[in-house]
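> One structure, pasted below without further comment.
Nothing in this text is a laboratory measurement; each read-out follows from the coordinates by a stated rule. Computed from a predicted structure; not experimentally measured. Heads up, the Cβs are rebuilt from the backbone with ideal geometry, glycines too, and the neighbour counts pull from every protein chain shown.
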Ligand code: ADP
Ligand code: ASP
Ligand code: MG
């Protein structure tokens, strides 16, 4: 069982979590519970690091931001024991959950489940601090990236060979799009791993991308469900499963959006072999992930315009790299835009249907929404548009593909 930030936001909510744990325990389950920090806590800790020094040591950042989960793990253990359920808290290093040394974005390398299993045999519920691990031999605390408690939970479920992994959050499942911006979004009973992976990568933050990858690789039966349901009568939530296990497959399953995009356009780049490499190799070497790319043929045939996107956090770094290489690349001007959003439609049904994206281009045009860039792959397409049109575009596509809930 994993409980996210809003589900453990205060003592009363943690008591409510204990009721969910009690239900499962009364039904005979052995349980590891992974908890996040109280909602808002990690943001506060991150902001303190930046305030302390803009170029902080990432290992110390991890030491600081991992602390939020320590508090909730201890509190839940206290409350469980107070209600007569044997329990103990586990910090990442105590298990240990071993990771690589990529501070702030560490990946789990291995989990020793022996301590937890011994606890189960004593009848104990294991309350595990999510989001954190330990790197050896440096003996430093690491964190798994924002939203990383989802990954802690799935990895732990795989390590202890759990029957299932229930991710409890503030919505009762995975929806056809973010229910906070589209009230007509529908809860999905099941969603295929591949689709969930795309949805998470393209902005649906309900699950961390890495957790979906792990669930898919390690075949962990993972549900997304609500901690705000009555602990005695919870809804099953959404099962993330193999494509074959979904009977009624739609062409488009979900719409996602990501505001984490910035656009760069290089004007009048020489139209000759090697230019794309001159632009994109230095960005790749700087570990900047380029996503959408379009190259326009210009009238004069000797120059062209190249537009592409990078994560907003990398925008300034990318701009600086390209400006430094202006002579080598040879372009007349660089234009950037940060007020852009990427809206994507996802569905395994796209593999076998033509014209799915074309329909969207038409519908967006009818709403006066200009498309700045497009990318497609086997089971999704994305459009880059002005951020001001985010909700309109998401709602338009949601209706277009028949995803709106019946009124
Ligand atoms: P937690 O703190 O429990 O980890 P998150 O805030 O990380 O919760 O994720 C849950 C949120 O994800 C929901 O409140 C919802 O607004 C958002 N979300 C975005 N896209 C979707 C989607 N397709 N289905 C469900 N929730 C979504
Ligand atoms: N507390 C961490 C975060 O806010 C991890 C998590 O909640 O999953 O990113
Ligand atoms: Mg989350």
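> Give the angle, between 0 and 90 degrees and rounded to the nearest 10, that separates the Cα long axis of helix 315-324 from the longest principal axis of the Cα atoms of the chain.
40 degrees
> Now for a separate question. Going by how many other beta carbons lie within 10 Å of each one, how would you line up 298, 332, fewest first? Intermediate results must be reported in sequence, preceding the final value.
Working: 298 14, 332 11.
Lowest to highest Cβ neighbour count: 332, 298.
> Mean residue ellipticity at 222 nm from the helices of the chain, using -39,500 (n - 2.57) per DSSP H segment of n ≥ 4 over the full residue count, to the nearest 500 deg cm²/dmol?
That calculation yields -10000 deg cm²/dmol at 222 nm.
> Order of 247, 341 from fewest to most other C-beta atoms within 10 Å? If you can, show how the numbers build up before the last one.
Details: 247 7, 341 22.
Going from least to most buried by this count: 247, 341.
> Describe numerically, in nm with one decimal, the distance between label points set 7 Å from Cα along Cα→Cβ at residue 11 and at residue 232.
Reported label-point gap for residue 11 and residue 232 is 2.5 nm.
> To continue, here is another question. Take each of the peptides 369-375, 333-339, 65-71, average the number of other beta-carbon atoms within 10 Å over its residues, and list them starting from the highest.
Ranking, from highest mean packing down: 65-71, 369-375, 333-339.
> With a Förster radius of 60 Å, plug the Cβ-Cβ distance of residue 60 and residue 181 into 1/(1 + (r/R0)^6) and report the FRET value to the nearest 0.05.
On the way: r = 36 Å, r/R0 = 0.60.
After rounding to 0.05, the efficiency reads 0.95.
> Let me ask you something else. Roughly how many nanometres apart are two label points built 7 Å out from the Cα toward the Cβ at residue 361 and residue 316?
3.7 nm
> Additional query: Give me 199, 292, 1 sorted ascending by neighbouring Cβ count inside 10 Å, so fewest comes first.
292, 1, 199
> Which of these, 18, 63, 358, has the largest mean-square fluctuation under a Gaussian network model of the chain (Cα springs below 10 Å)?
Result: 358 has the largest fluctuation of those listed.
> Evaluate the relative contact order of segment 141-292 (contact order divided by residue number), counting alpha-carbon pairs under 8 angstrom at least 6 apart; express in whole percent. Can you show the working numbers first?
On the way: 204 pairs, mean separation 40.8, N = 152.
Reported relative contact order: 27 percent.
> Normalised by the residues of the chain, what does the relative contact order come to in percent, with Cα pairs under 8 Å and at least six apart?
Across the chain, relative contact order equals 14 percent.
> I've got another one for you. If you average the C-alpha positions of segment 63-88 and of segment 102-153 separately, how far apart do those two centres end up, in angstrom?
14 Å
> Select from 24, 285, 60 the residue whose mean-square fluctuation is largest in a Gaussian network model of the chain (Cα-Cα springs shorter than 10 Å).
So, out of 24, 285, 60, the one fluctuating most is 285.
> Find the eigenvalues of the gyration tensor of the Cα atoms of segment 238-369, then list the square roots of 5 times those eigenvalues as equivalent ellipsoid semi-axes, largest first, in whole angstrom.
34, 18, 14
> Please give the length that would be gained between residue 376 and residue 278 if that part of the chain were fully extended, namely 0.36 nm times their separation in residues minus their C-alpha to C-alpha distance (nm, one decimal). Mind dumping the intermediate values first?
Working: separation 98, 0.36 × 98 = 35.28 nm, distance 2.43 nm.
Result: 32.8 nm gained on full extension.
> Still on this model: Over segment 142-299, what per residue volume does the convex hull of the Cα atoms give, in whole Å³?
Taking the convex hull of the Cα positions in segment 142-299, it is 187 Å³ per residue.
> Per-residue counts of other Cβ atoms within 10 Å, averaged by peptide: what ranking do you get for 121-131, 256-266, highest first?
121-131, 256-266
> Related question: Take the Cα atoms of the chain, build their convex hull, and give its volume per residue in Å³.
Residue-normalised Cα hull volume stands at 161 Å³.
> Taking the Cβ-Cβ separation of residue 404 and residue 163 as r and a Förster radius of 45 Å, what is the calculated FRET efficiency to the nearest 0.05?
That pair, residue 404 with residue 163, gives E of 0.80.
> May I pose another question? On full extension of the chain, what length is gained from residue 296 through residue 354, given 0.36 nm per residue of separation minus the C-alpha to C-alpha distance? Please list the in-between numbers first.
On the way: separation 58, 0.36 × 58 = 20.88 nm, distance 2.48 nm.
So the extension gain works out to 18.4 nm.
> While we're looking at this one, here's another question. Which of 163, 82, 62 moves most in a GNM of the chain, Cα contacts under 10 Å?
82
> Say each of residue 328 and residue 112 gets a label point 7 Å from the Cα, pointing the same way as Cα to Cβ; how far apart are those two points in nm?
4.7 nm
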